[in-house]
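First the structure, in the form of C-alpha cells, and then the observations on it.
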Amino acid sequence: MTAPPTPSKRQARRGRIFPEHNWSPEKMAKYKAERAAFGKRCRAVFDRVAPELIADHYNWFIVIEPDSGDYFIDPDANNAVQKACQKYAMNMLGTLRLNETGTCGMI
C-alpha cells in the first residue's frame, strides 16, 4: 500500500491582478486633483448649511450634490443616499456627518 501523493505547494502570485489596467502618473494626479476639488465643493456647501442643521440633527448624515447645492439628511446613511440618488442618480455625491468635523467614522 502506497501513501497518497502529497499536493504540490502552490507558488504565490505576485503583482497586480490586472497589470494591463495601470494608470500613468499623470492620470493618477488628475484623478486625485478632481477628487480634491470635488471634496472642496462639498465642504463649502457643508460649511454653509451645517451650523443651522447641527442644532436639530446632530450626527445625522448629509449627502451633498455640490453642483446644485442640494443636500439630503437622514439619521441613516443608506436612507440619505437613497433620497439623493432618486433626484441625482448619475451625479457624484459627497457624504458627511452633521457634527463639528463632518467625519463619518473613526480613523
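Confirm whether ASP74 is out of contact with any strand residue (DSSP E or B) (no Cβ under 8 Å at 6 or more places or on another chain) and modelled with pLDDT of 90 or more. Even if it seems obvious, please write down each step before you answer.
Numbers: out of contact with any strand residue (DSSP E or B) (no Cβ under 8 Å at 6 or more places or on another chain): no; modelled with pLDDT of 90 or more: yes.
Here the answer is no, as ASP74 does not meet what is asked.
Of everything in segment 14-32, what is part of a helix (DSSP H, G or I) and of a type outside the set (Asp, Glu)? Give them in sequence order. I'd like the intermediate steps shown before the answer.
The initial filter retains those residues of segment 14-32 that are part of a helix (DSSP H, G or I), namely 19-21, 25-32.
Correct list: PRO19, HIS21, PRO25, LYS27, MET28, ALA29, LYS30, TYR31, LYS32.
Of all residues in segment 15-73, those satisfying the criterion of being β-branched (Val, Ile, Thr) and surrounded by 10 or more Cβ atoms within 10 Å (Cβ to Cβ) are VAL45, VAL49, ILE54, ILE62, VAL63, ILE64, ILE73.
The values are calculated or read from the model by the stated rules, or taken from the named source; none is laboratory data. Remember, it's a predicted structure, so these values are computed and weren't measured experimentally. Cβ coordinates were reconstructed from backbone atoms using ideal geometry, including for glycine residues, and neighbour counts include every protein chain displayed.
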